[in-house]
Amino acid sequence: MTSIEARQFFADLASQPDREIDLARAAFVYALDEYPDLDIEKYLARLEMMQYAVWERVEHKEEPTAVLHTLNAYLFDERGFAGNREDYHDPRNSYLNEVMDRRLGLPITLSVIYLDIAQRLLLAVVGVGMPGHFLVKYHEEDLELFIDPFDSGKLMTEGECADRLNEVVGEEVEFSPQYLEPTGKKQTLSRMLANLRNAYLLREDFGRALQVTDKMLLLNPLDAETVRD
């Protein structure tokens, strides 16, 4: 696929209503600039196969926390997905195909994989754009849990999320419950692209950084600045 075709493909996707966007597919689409021969359907099929692998293990488990623990065991213990702490700003951490192949990523890219599989399992999960550290939230009736795919799917309370924010920032900061509100799909994509742009800027790869900024503007023409994770 040419760069012009890849841009148009992403522009068409960005024009869709937020609720209609397939987040994982969109992440693969923005990777086409760097990987023009990327077989998106093959990677989506791999995600579906991962969902089936978990489904076989949870078929008789109705307790949501049991299902979450099973999903965690599959993704992080059996498959070996992990946060890339050694090279956090490697651009590959922001490309979902690379994250699936290398099983290393950022909080937000690991969360997109987690969300895709959990939603296929019909779990009530959403992405949460906490500043500095993207999370997944499970919420149903009177049960609310926060999940950190960067930390092997650790289940956390709101108070533990505040502690995680302090850890990321490196000092104690005032925490707001608004930090744990659900994040829209376009907003999530913008944040993923902001991370990627930052990674290229750190390498002084300004051509690629500009290409990423163009995609951010396609998502939000008014403002290409967004919080990173």
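For the stretch 1-129, what log10 I(q)/I(0) values come out of the Debye formula at q = 0.11, 0.16, 0.19 1/Å, with one point per alpha carbon and no solvent? Results for the stretch 1-129 at q = 0.11, 0.16, 0.19 Å⁻¹ read -0.41, -0.85, -1.14. Structural size metrics of the chain, computed from C-alpha coordinates, are Rg and Dmax of 17.1, 52 Å.
Rounded to two decimals, what is the ratio between the C-alpha radius of gyration of the stretch 57-127 and 2.2 N^0.38 Å?
Numbers: Rg = 12.9 Å, N = 71, 2.2 N^0.38 = 11.1 Å.
It is 1.16.
What is the stretch 81-229's relative contact order, in percent, from Cα pairs under 8 angstrom and six or more apart in sequence?
22 percent.
Quick one: among 96, 165, 115, which has the greatest mean-square fluctuation in a GNM of the chain with alpha-carbon springs under 10 angstrom? Result: 165 has the largest fluctuation of those listed.
At 1.4 Å probe size, with every protein chain present, just tell me what the per residue accessible area of the stretch 79-229 comes to in Å².
Working: 6900 Å² over 151 residues.
Dividing the accessible area of the stretch 79-229 by its residue count gives 46 Å².
Using packing as a proxy for protection, rank 4-16, 181-193 so that the peptide with the highest average count of other Cβ atoms within 10 Å comes first.
On the way: 4-16: 15.0, 181-193: 20.9.
Result, highest mean first: 181-193, 4-16.
Using a simple spin-label model with pseudo-atoms 7 Å out from Cα toward Cβ, residue 2 and residue 155 lie 5.2 nm apart. Sorted into 10 angstrom bins from 0, the C-alpha pair distances of the stretch 127-224 split as 15, 37, 32, 15, 1 percent.
Determine, for each peptide in 81-88, 69-76, the mean count of other beta carbons within 10 angstrom over its residues, then list the peptides with the highest first.
Values: 81-88: 14.9, 69-76: 19.5.
For the peptides 81-88, 69-76, the packing ranking is 69-76, 81-88.
The relative contact order of the stretch 27-148, computed from alpha carbon pairs under 8 Å that lie at least 6 residues apart in sequence, is 19 percent.
The chymotrypsin sites (Phe, Trp or Tyr not before Pro) of the stretch 133-229 include none that DSSP puts in a loop with a beta carbon having at most 15 other beta carbons within 10 Å. Here, P(r) means the percent of Cα pairs in each 5 Å bin from 0 to the largest distance; for the stretch 168-215 it is 5, 18, 18, 16, 16, 15, 10, 2. In this simple spin-label model, placing a label point 7 Å from the Cα along the Cα-to-Cβ direction at both residue 119 and residue 172 gives a separation of 3.8 nm.
One Cα centroid belongs to the stretch 1-31, the other to the stretch 45-76; the line between them spans 28 Å. Calculated [222 nm] ellipticity per residue, helices only, for the chain: -15500 deg cm²/dmol; basis is -39500 (n - 2.57) per DSSP H run with n ≥ 4, divided by all residues, nearest 500.
From the alpha carbon centroid of the stretch 100-114 to that of the stretch 129-157 is 15 Å. Treating each Cα of the stretch 1-72 as an identical point scatterer and summing with the Debye formula, the log10 of I(q)/I(0) at q = 0.20, 0.27 Å⁻¹ comes to -0.85, -1.13.
The values are calculated or read from the model by the stated rules, or taken from the named source; none is laboratory data. It should be emphasised that the depicted structure is a prediction, and the values quoted were computed from it without experimental measurement. Every residue, glycine among them, receives a Cβ derived from its backbone with ideal geometry; neighbour counts consider all protein chains shown. What goes into the accessible areas is simple: the full protein's heavy atoms, side chains included, and nothing from ligands, DNA or RNA. Shrake-Rupley method; radii C 1.70, N 1.55, O 1.52, S 1.80 Å.
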